[in-house]
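A short reminder: the numbers here are calculations on the coordinates, not readings from a lab. For clarity, every value in this text was computed on a predicted model and none was experimentally measured. Glycine also receives a Cβ, built like all others from the backbone with ideal geometry; neighbour counts cover every protein chain displayed.
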Amino acid sequence: MAVPDRSTFEALYAGLPPWETGGPQPALVAAADRVTGSVLDAGCGTGENALFFAGRGRKVTGIDFLAEPIRLAKRKAAERGLTATFLVMDALALKELPVVFDSAIDSGLFHVFGDEDRRRYVEGLASVLKPGGRLFLLWFSDGEPGEQGPRRVSRSEIEDTFAEGWVVESIDPSRFEVRPDPTDIQFSEGGPRAWFVVARRA
């Protein structure tokens with residue numbers, strides 16, 4: 001399965017991508033009490049997950065490599081009277097961030113990277129998470145049939161990726177919530193199958 005490039009996401013954000021449902025992902029909502037302190041949202045899109053946590057009083061920074069979703073995220077924050085920082089930034093450049101966070105969330109970013117970029121990304125996450133800080137990650141799992149959408153991730157890939165410098169606390173089957181209206185792409189009924197992973201920075 002090919003790794004999508006910038007133009008793919010620019011085209012998606014020229015409209016409304018399937019994952020932009022107008023609210024936070026239910027898997028993250030269910031884990032909200034465990035997402036503490038300052039929060040990084042890597043690959044934040046138009047900011048729904050970030051703004052959910054901002055609404056819970058968290059100090060949130062959301063990053064995305066495209067300017068259009070960041071513009072929309074800032075507009076949503078203003079409209080909702082919420083305070084959050086949104087930056088146009090490549091998630092592979094996390095080591096350049098001058099701050100560290102207590103928690104980080106990733107809803108659908110890890111699975112777009114190839115193997116080498118996955119390693120760079122996880123190294124970057126380790127550099128901006130405090131020791132003991134937790135990652136909360138939602139990715140397409142290899143339980144989702146077909147080849148539409150992003151590359152699938154297996155349990156063993158997760159364990160291998162976080163084998164050094166991390167403690168994987170849980171890997172649980174989950175679902176992505178997607179909009180029901182796209183007709184050119186078909187996922188499992190109930191939403192694409194996913195893994196919800198919690199990993200602690202050692």
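So here's what we get for this one:
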| quantity | calculated |
| --- | --- |
| Options (i) 16.9; (ii) 18.5; (iii) 20.3 - which one matches Kirkwood radius over Cα pairs in Å as calculated here | (i) |
| Point-charge dipole on Cβ atoms (K/R +1, D/E -1) for the chain, about Cα centre, debye to 20 | 840 debye |
| Debye intensity ratio in log₁₀ form over the Cα atoms of segment 90-202, taken at each q of 0.18 Å⁻¹ | -0.90 |
| Gain on full stretching of the segment that runs from residue 142 to residue 87 - 0.36 nm per residue minus C-alpha separation | 16.7 nm |
| Relative contact order of segment 39-201, pairs being alpha-carbon contacts under 8 Å that are 6 or more residues apart, as % | 20 percent |
| Of 89, 54, 192, farthest towards positive along the dipole that unit charges on Lys, Arg, Asp, Glu beta carbons give the chain | 54 |
| Amide N of segment 133-158 lying under 18 Å from the label point, which is placed 7 angstrom from the Cα of residue 115 along Cα→Cβ | 142, 151-158 |
| Cut-off under 5 Å, modelled amide H: who pairs with residue 196 long-range | 172, 174 |
| FRET efficiency, residue 159 to residue 95 (Cβ-Cβ, R0 25 Å, nearest 0.05) | 0.55 |
| Rg over Rh, two decimals, segment 141-190 (C-alpha only, Kirkwood Rh) | 1.06 |
| Cα-based Rg / Dmax (Å) for segment 47-113 | 11.8, 34 |
| Euclidean distance of C-alpha centroids, segment 151-202 and segment 29-50, integer Å | 16 Å |
| 14 Å beta-carbon shell around residue 156, net charge (K/R +1, D/E -1) | -2 |
